[in-house]
Amino acid sequence: MKRRSFLLGTLSAGSIAALTACSPNSADSSSSSSASTASSSAAATPTGALAFDAETYTEQTLTVTTNDGDVEVAYRFYGPITYVEKPVDEEYQSLVISVPTSINGEAVDTSNAPILLANSVGGYMPSSVASATSIGGAGMFMDGGMGMPSDASGEAPTGEMPSGEATPTSSTGSGTVNAAQGSNAMLGSSGEMVSLQNLAIAAGFVVVEPGCRGRTLVDDSGVYYGVAPAAIVDLKAAVRYLRYNDSLIPADTSKIVTSGTSAGGALSALLGASGNSPMYDSYLKELGAADASDAIFASGDWCPIIDLENADGAYEWCWGTLSYSEDIDSEISSDLKGLYTSYLKSQGLEYDGSTLDTDNYSDYLLKEHLQPSATRYLADLSDSDREIYLSENSFITWENDSATFSWEDFLTHVGQRGKAAPAFDAIDLSNPENNLFGLDTTEARHFTTYSANKAGESLASDITEKTQLMNPMYHLANGDSEITKNWWIRVGASDVDTALNMVGSLSLKNQMLGNNVNTKMYWDAGHGTNQDPEDFIAWISEITA
């Protein structure tokens, strides 16, 4: 069967943190054995097709620019390695591993090092490491073929890694930096590309970059073979490959920390929420995935596009009053907001002694996320710059070194929504998520009852299970999995590609479960923003020490 393949370039930036010895502790989400597959965690040396070959690698060097200066890294590069015995398409079902051997000339022992599992998924499209020859070589299919993540101007450059800064796009008075919709780009405060892979290896971590199938893949017979749940099944198989080879891979495979942006952030969150869930067993068995655990130690999620079956209503609640470049059907917006009101009540989320609903959710976002975000932003400005910003944004009250404002004024500040209504399940099946839930030779399908009924259709019988397989919120509530104890969640406060309440609910649900949650919203920042990447690396060192 002929398969199609597309590659995307890499991102760059860097940081350094002290590498500390890692050992299992009570916070290790992968220590239990509730799933049958979790019991076989490489008690004996692996053999056969899925055994890691530690002697086949190339030697590479890398200079990583960090806040503390340049860091010189020598490392071993392994792969590409096919991580399942019966791949549908090796072009995507492969991974690469980068193991540092020295940092600034000093030898590194990674036997107890954590692993950063950095996916490069954007827009639920396929990603590949088939042509990777060094760290950061994971690629993602963009509309139009091979290319880099689209920069903030919406352009999708091709070929070599771009230099300089992305062009900020303005949706607020200060200018908001956005990665283009469908991109997997991480952008710093000024629009510069950020690479967690480089930061991690400069800190002495082992870096694994997995490819996976995605929604746009079509074979010669017209079958879409990367639609849901292919991406999460592949990433779980990659985790199982690492855990299976615990005795061979020079790292601590019980300390896998995932990362991803946008759809990749949703998949990272899904890995964190669905460890060893039996719902995926038949899919993994069909691929010949390793008989090992797929639970992870920590989940790093940037602007995750989650809870798709409820995301249309969430979007209307959050951004529904904002203007758009075309007319929004007010009836659809109102209907979806009503559906979200019912859904939120069913979630049982609690804040400050009260159950969250659509009447008090804005108070939660303001007090826990948005006002602290504005406070941090303003506190970091010089006195003169802060005075200018406050004069241009008079809706903010600055007293006792703290920012306060109303929800309505915040929405006015953001200015314009980023998506039509419905934002995800388009009635005309035109959105990327409709393609995600395609089936066989059908390119796109509805995944919500509302949009299906609006189109004069009924929801397909398999859709409920498919959406559950793609939704971390389902697994956090269902109790069928080993949920990671450690969560790093980030989103731009002006990210109109998603709904802030989706991110808020992911954070709050994990807090209610007693998990270690580090959540921030970046003030005046848009989609794909990562303003504190070196803090993430330091956080990994802290939780795995």
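The values are calculated or read from the model by the stated rules, or taken from the named source; none is laboratory data. Small disclaimer: the values here were computed from a predicted structure and weren't measured. Cβ coordinates were reconstructed from backbone atoms using ideal geometry, including for glycine residues, and neighbour counts include every protein chain displayed. Ligands, DNA and RNA are excluded from the accessible area calculation, which covers all protein heavy atoms including side chains. Shrake-Rupley method; radii C 1.70, N 1.55, O 1.52, S 1.80 Å.
Quick notes on this structure:
- Residue check, Ser293 in a loop (DSSP other than H, G, I, E, B), among the small types (Gly, Ala, Ser) and buried (at least 24 other Cβ atoms within 10 Å of the Cβ): yes
- Residue count, the range 89-100 (criterion: open to solvent by 40 Å² or more (accessible area, probe 1.4 Å) and closer than 16 Å to Tyr241 by Cα): 1
- So Ser128, is it modelled with pLDDT under 70, over 19 Å from Ile249 (Cα atoms) and either among the small types (Gly, Ala, Ser) or surrounded by fewer than 17 Cβ atoms within 10 Å (Cβ to Cβ) (or both): no
- Elements of the type helices (runs of 4 or more DSSP H) sitting completely within the range 320-421 and holding at least 2 residues that are under 30 Å from Glu433 (Cα atoms) and among the hydrophobic types (A, V, I, L, M, F, W, C): these cover 330-347, 407-414.
- Cβ pairs under 9 Å, 6+ apart, first in the range 331-356 and closer than 23 Å to Lys454 by Cβ, second at pLDDT 95 or above and among the basic types (Lys, Arg): Ile332/Lys454; Asp335/Lys454
- Meets criteria (open to solvent by less than 10 Å² (accessible area, probe 1.4 Å) and under 18 Å from Asn310 (Cβ atoms)) for Asn501: yes
- Residue that is most open to solvent (accessible area, probe 1.4 Å), among those in the range 162-212 that are part of a strand (DSSP E or B) and modelled with pLDDT under 75: Thr169
- Residue match in the range 521-538 (condition: on the phi > 0 side of the Ramachandran plot and either touching a residue at least 12 places away in the same chain (Cβ under 8 Å) or surrounded by 24 or more Cβ atoms within 10 Å (Cβ to Cβ) (or both)): yes
- The range 485-498, subset over 15 Å from the mean Cα position of the chain (by Cα) and of a type outside the set (Gly, Ala, Ser), residue most open to solvent (accessible area, probe 1.4 Å): Lys485
- Qualifying residues in the range 457-476 (those that are open to solvent by 70 Å² or more (accessible area, probe 1.4 Å) and either small (Gly, Ala, Ser) or within 15 Å of Asp312 (Cα to Cα) (or both)) - the one nearest to the chain's Cα centre (by Cα): Ser461
- For the condition open to solvent by 10 Å² or more (accessible area, probe 1.4 Å), modelled with pLDDT of 95 or more and in a helix (DSSP H, G or I), Asp281 qualifies.
- Checked against the criterion of being crowded, with 24+ Cβ neighbours inside 10 Å, part of a helix (DSSP H, G or I) and among the aromatic types (Phe, Trp, Tyr), the range 297-316 contains one or more residues that satisfy it.
- Among residues that are of a type in the set (A, V, I, L, M), closer than 27 Å to Asn434 by Cα and crowded, with 24+ Cβ neighbours inside 10 Å, Ala230 is included.
- For the range 372-395, the tally of residues that are surrounded by fewer than 19 Cβ atoms within 10 Å (Cβ to Cβ) and touching a helix residue (DSSP H, G or I) at 6+ places or on another chain (Cβ under 6 Å) stands at 2.
- Neighbours by Cβ (under 8 Å, 6+ apart or cross-chain): first from the range 440-452, of a type outside the set (A, V, I, L, M); second part of a strand (DSSP E or B) and surrounded by fewer than 16 Cβ atoms within 10 Å (Cβ to Cβ): none
- Considering (1) open to solvent by 20 Å² or more (accessible area, probe 1.4 Å); (2) within 21 Å of Gly139 (Cβ to Cβ); (3) in contact with a Leu (Cβ under 9 Å, 6 or more places away or on another chain), the lone condition that Ile103 does not fulfil carries the number (2).
- When residues of the range 89-109 are limited to those that are small (Gly, Ala, Ser) and within 24 Å of the chain's Cα centre (by Cα), the one nearest to Pro250 (Cα to Cα): Ser98
- Within the option set Phe410, Phe405, being closer than 24 Å to Leu339 by Cβ and either surrounded by 13 or more Cβ atoms within 10 Å (Cβ to Cβ) or more than 28 Å from the chain's Cα centre (by Cα) (or both) holds for one residue only, Phe410.
- Pairs linking a residue in the range 420-433 that is open to solvent by 20 Å² or more (accessible area, probe 1.4 Å) to a residue that is of a type outside the set (A, V, I, L, M, F, W, C) and not in a loop (DSSP other than H, G, I, E, B), with Cβ atoms under 7 Å and 6 or more positions apart or on different chains, are Ala421/Glu316; Ala421/Ser333; Ile427/Ser451; Ile427/Lys454.
- Any hit, the range 439-449, residues being closer than 25 Å to Val491 by Cα and among the charged types (D, E, K, R): no
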